[in-house]
Amino acid sequence: MLNRVIQQFKLNVLSINEVEDSHSSTVYNCKLLNGETIFLKIPYTKLKCQRELEAYEILKDRVSIPKMLDYWSGDEECPGAFLLSELKGQPLTNKALPTIAFQVGVLHASMHQIQPPTSIQLNSIQDEFSVWSNFVERQFYSFAEDVKEVLDESLYRQAIVNFESMKRQLPPSDGPSFIHMDFRPANIIVDENKVSGVIDFESVRFGSTEIDFTKLYRDFLSFDAKLYQSYQEGYNTVRPLIELEVVLPFYQFTDAFNSIGWCKRRGIEKNASFLEKNLAILKKVLL
């Protein structure tokens, strides 16, 4: 499939390396004979491909993202492919300075400031805001059958009871906003002391912002209070930040639960460390 995509885009490739930590698509870093670096992205499904395509149209000139140099709609064997420019830099790490965390806050809030467009007909990015509680419930229970095969019965039953109890205590939803749904360090590119932008839009929705902080907090903000404070200050320069302390426990719990189900679907052995990480989070909440 990779060779077919290269032929489709008529690329003169010098070297190709698959990008790690990409879970919903296959991504390649390509060096071309002319010295240019580009990225080839092949989403796993047609829906993810269409979401990404619509996201580029919505975010263009509003949020820092790669340029879409070309697009192939695919065929019966390939769901589609993107030819993308390089965002200079490396993925965000928890060793970043507070000034970077401030910029991440500005970037995140800039996405959340975007509301469902009236000028573009969306076919793949769903607006879930008006049925937000149902959306969260649908996601949770869609993974429940998978989780049931991993957890012991008493812990599983406790998780279900906990979900229903915590869900009733949530404040009114904040939105409708463009939400990334996978806003984590691997998808935030930093070039020295500047945030270059954000990547990967296969899972985006319009919905409540409250779900969009969980992975960033888990993998970045929770490591240093100064990072957390700077992020909040940056976010508040664009739009008011919700009370994260009120919603984070619920979404940390549901994210851990759903991630356990994801590991079961994608293969427990090859995702063993991620599974253990989420089991620990779940047990900490429940026990």
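The values are calculated or read from the model by the stated rules, or taken from the named source; none is laboratory data. Nothing here was measured: the structure is a model prediction, and the numbers come from that model. Don't worry about glycine lacking a Cβ; one is built from the backbone with ideal geometry, like all the others, and counts go over all protein chains shown.
Keeping to region 120-138, report how many residues are of a type in the set (Ser, Thr, Tyr), under 25 Å from Ile160 (Cβ atoms) and within 18 Å of the chain's Cα centre (by Cα). Write out each step before concluding.
Pass one, region 120-138, residues of a type in the set (Ser, Thr, Tyr): 124, 130, 133.
If we keep only those that are under 25 Å from Ile160 (Cβ atoms) as well, we get 133.
Cutting the leftovers down to within 18 Å of the chain's Cα centre (by Cα) gives us none.
The number of residues fulfilling the criteria is 0.
Can you name every residue in region 115-140 that is of a type outside the set (Asp, Glu) and either in a helix (DSSP H, G or I) or closer than 14 Å to Gly261 by Cβ (or both)?
Phe129, Ser130, Val131, Trp132, Ser133, Asn134, Phe135, Val136, Arg138, Gln139, Phe140
Does Phe143 fit the bill of being modelled with pLDDT of 95 or more, in a helix (DSSP H, G or I), more than 30 Å from Gln103 (Cα to Cα) and touching a Gly at 6+ places or on another chain (Cβ under 6 Å)? Working first, answer last.
Numbers: modelled with pLDDT of 95 or more: yes; in a helix (DSSP H, G or I): yes; more than 30 Å from Gln103 (Cα to Cα): yes; touching a Gly at 6+ places or on another chain (Cβ under 6 Å): yes.
Yes; evaluated as a whole, the condition is true for this residue.
Hey, Gln103 hits all of (1) among the polar types (S, T, N, Q); (2) surrounded by 13 or more Cβ atoms within 10 Å (Cβ to Cβ); (3) outside any helix (DSSP H, G or I) but one; which does it fall short on?
(3)
Is region 188-198 home to any residue that is surrounded by fewer than 17 Cβ atoms within 10 Å (Cβ to Cβ) and either assigned to a helix (DSSP H, G or I) or acidic (Asp, Glu) (or both)?
There is at least one residue in region 188-198 that is surrounded by fewer than 17 Cβ atoms within 10 Å (Cβ to Cβ) and either assigned to a helix (DSSP H, G or I) or acidic (Asp, Glu) (or both).
Within region 261-278, count every residue that is among the aliphatic types (A, V, I, L, M) and either modelled with pLDDT of 95 or more or touching a Cys at 6+ places or on another chain (Cβ under 9 Å) (or both). Show your work before the answer.
Let us first name the residues in region 261-278 that are among the aliphatic types (A, V, I, L, M), namely 268, 272, 275.
Still in the list and also either modelled with pLDDT of 95 or more or touching a Cys at 6+ places or on another chain (Cβ under 9 Å) (or both): 272, 275.
Here the count works out to 2.
For region 229-241, which positions are over 10 Å from Ala109 (Cα atoms) and surrounded by fewer than 19 Cβ atoms within 10 Å (Cβ to Cβ)?
Matches in region 229-241: Gln229, Glu233.
Out of Ile42, Ile58, Ile100, I need the residue that is of a type in the set (Val, Ile, Thr), under 29 Å from Pro172 (Cα atoms) and touching a residue at least 12 places away in the same chain (Cβ under 8 Å). Which one?
Of the residues listed, the single one that is of a type in the set (Val, Ile, Thr), under 29 Å from Pro172 (Cα atoms) and touching a residue at least 12 places away in the same chain (Cβ under 8 Å) is Ile58.
Cβ-Cβ distance below 9 Å, separation of 6 or more or different chains: which pairs start in region 244-273 with a residue that is in the same structural domain as Tyr141 (by TED's automatic domain parsing) and within 16 Å of Asp182 (Cβ to Cβ) and end on one that is assigned to a loop (DSSP other than H, G, I, E, B) and aliphatic (A, V, I, L, M)?
Gly261/Val150; Cys263/Val150
What's the number of the condition Gly35 fails, among (1) surrounded by fewer than 20 Cβ atoms within 10 Å (Cβ to Cβ); (2) under 16 Å from Phe183 (Cα atoms); (3) of a type in the set (Gly, Ala, Ser)?
For Gly35, the failing item is (2).
So, in region 219-277, exactly how many residues are in contact with a helix residue (DSSP H, G or I) (Cβ under 7 Å, 6 or more places away or on another chain) and outside any helix (DSSP H, G or I)?
Number of matching residues: 8.
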